[in-house]
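The structure appears below as structure tokens.
The values are calculated or read from the model by the stated rules, or taken from the named source; none is laboratory data. These numbers come from a predicted model, not from an experiment. Every residue, glycine among them, receives a Cβ derived from its backbone with ideal geometry; neighbour counts consider all protein chains shown. Just so you know, the surface numbers come from the protein's heavy atoms only, side chains and all, with ligands and any DNA or RNA stripped out. Shrake-Rupley method; radii C 1.70, N 1.55, O 1.52, S 1.80 Å.
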Amino acid sequence: MRVRHPFRTAVVVALALGFVVALAGAALADETCNSPYVTKLIKGQEDYVYVWALGVEGLGDGSDKLVTVDVNPKSKRFGKVLNSVSVGSRGEAHHMGFTDDRRFIWAGGLAEPKIYVFDIGTDPGKPKLVRTIADMADKSGYLGPHTYYAMPGRMLVQALSNTKDKGGRTGMAMYNNAGEFVTSYAMPTDGGGDGYGYDLAVNPRKNVLLTSSFTGYDNYMRPLGDVVKDAEAMKRFGSTMVVWDLKALKPSRVLSVPGAPLEIRWSLKPGDDWAITAAALTSKLWLVKQDKGQWQAKEVGTIGDPAKIPLPVDISITRDGKGLWVNTFMDGTTRYFDLSNPEAPKQAYQKVTGKQVNMISQSWDGRRVYITSSLLANWDKGGADNEQFLRGFTWNGKELAQVFEVDFTRQQLGRAHHMKLGSKSLRATLPPR
């Protein structure tokens, strides 16, 4: 379903004006993999890691929550939980994203169409839940908000499913920073499109937005073992990426990328105009770049042994575009690939960092790496393998060395999933709003 809205022209104008901001800020940024429109930036050592955690029945209050952890090595509370903010319900907490002024985090869950807005600007060490946006299903027909991507004065939200049949056909919903719905954009189902969505990432220099694809509610809310054994269910995974005209927000080309391509990372090196993704089901790295004026997707590497289904789940690119971290859930392994030649990535390092690992985030200077454990409530492992943690590591270019761990089960915080970095300096530099 595509909803047209009179604000569409305003959205396009705002995006066009925002290109200048994004390009001007490209040389300064915080942790990798954020929207280029995030203008309030961490410089130097981050002070906090915000962890969006899934509630677990019988553990603490059982609700999804935003957890703040002190990660400044000079702090007396280094590696300790400072604060947690519960939303009062369980909705399969998954991802989150900053607004373009970096004063707020938007977060949500895959089991519902709700979006939670946390104020991190007033007191970065003590986020506060200030708004719940509950109209996504009614306004767009989508549910399972996944990616929250800052645009100038806007937030573009990629959903994973729909309210009609809870399958994989979905789209994106555009909100303004006040949380008011603006319009929606259906993922293409013609020209080779399968209608599925997952992540999104923009390259303002090339006027391009890329989207990837996963699966719908009817798959991701089932136990992983059941899905794998169901031949029909295994057919209901995305196999495409879509190239969009960023200013017009219209799809221009569908790329074939089999095996559920997930996170998208544009190279952050100035002048580079290529992106990379990992396909979860095939354990392959894919490069997206232009060839003779046309955007193309090319398989360029293999992650582990695909026959063992390591299940690559998250990736993080270095600020110089020459390195890529990859986490594989099933074998609990973190790998580092040399991307000096993006056409031929080479694995340079690997380490088992948990019995199950999912998200990976790194500091902008590349010296610190943070890892969490949970994938989905019904996909996480059981028994002793069901570790739930945030682990912090230092990286000297040769070895990951663990420096702290927060045990989310022991502290009754739930399942640790997505992360964002925070800074004390943000509060001091905020303009009036």
task: Run the dipole for the range 190-286 about the Cα centre, Lys and Arg Cβ at +1, Asp and Glu Cβ at -1, nothing else charged, and hand back the magnitude in debye, nearest 20.
output: 300 debye
query: Any idea what the dipole of the chain comes to, in debye rounded to 20, about its Cα centre with Lys/Arg Cβ at +1 and Asp/Glu Cβ at -1?
result: 880 debye
message: Just to be sure I understand the model, the point goes 7 Å from the Cα along the line to the Cβ. What's the resulting ASP291 to ASP245 distance in nm?
response: 2.5 nm
query: So how compact is the range 144-210: Cα radius of gyration and Dmax in angstrom?
result: 12.3, 38
query: Taking a probe of 1.4 Å, how large is the accessible area per residue of the chain, in Å²?
result: 38 Å²
field: Share of carbon and sulfur in the accessible heavy-atom surface of the chain [1.4 Å probe, %]
entry: 50 percent
message: At 0.36 nm per residue, and after removing the present C-alpha to C-alpha distance, how many nm does the segment from SER252 to THR189 gain when stretched out fully?
response: 21.4 nm
message: Going Cα to Cα from LYS420, which lysines come in below 17 Å? Please leave out same-chain ones fewer than 8 positions away.
response: LYS40, LYS43, LYS65, LYS80, LYS126, LYS128
query: Could the peptides 238-248, 217-227 be put in order, highest first, of the mean number of other beta-carbon atoms found within 10 Å of their residues?
result: 238-248, 217-227
query: Relative contact order (percent) for the chain, with alpha-carbon contacts under 8 angstrom and 6 or more residues of separation?
result: 15 percent
- request: For the range 291-299, take each phi angle, set θ = phi - 60°, evaluate the Karplus expression 6.51 cos²θ - 1.76 cosθ + 1.60, and give the result in whole Hz per residue in order, putting x for glycine and proline.
  value: 9, 6, x, 10, 6, 10, 10, 9, 5
- request: Restricting things to alpha carbons, tell me how big the range 310-433 is in terms of Rg and Dmax, in Å.
  value: 15.7, 49
query: Quick one: length gained pulling GLN411 to ASN341 fully straight, 0.36 nm per residue minus the C-alpha distance?
result: 20.9 nm
message: If I model a spin label as a point 7 Å beyond the Cα along the Cα-Cβ vector, how far apart are those points for ALA401 and MET234 in nm?
response: 4.4 nm
- prompt: How about LYS235: which aspartates and glutamates have a C-alpha closer than 15 Å to its C-alpha, ignoring those fewer than 8 places off in the same chain?
  reply: ASP194, ASP218, ASP226
- prompt: If you plug each phi of the range 157-164 into the Karplus form 6.51 cos²θ - 1.76 cosθ + 1.60 with θ = phi - 60°, what whole-Hz ³J(HN,Hα) values come out, in order, with x for Gly and Pro?
  reply: 10, 8, 9, 9, 8, 9, 7, 6
task: Give LYS298/LYS398; LYS289/LYS346; LYS139/LYS166; LYS308/LYS346; LYS114/LYS206 a once-over and call out the pairs whose C-alpha atoms are over 24 Å from each other.
output: LYS298/LYS398; LYS114/LYS206
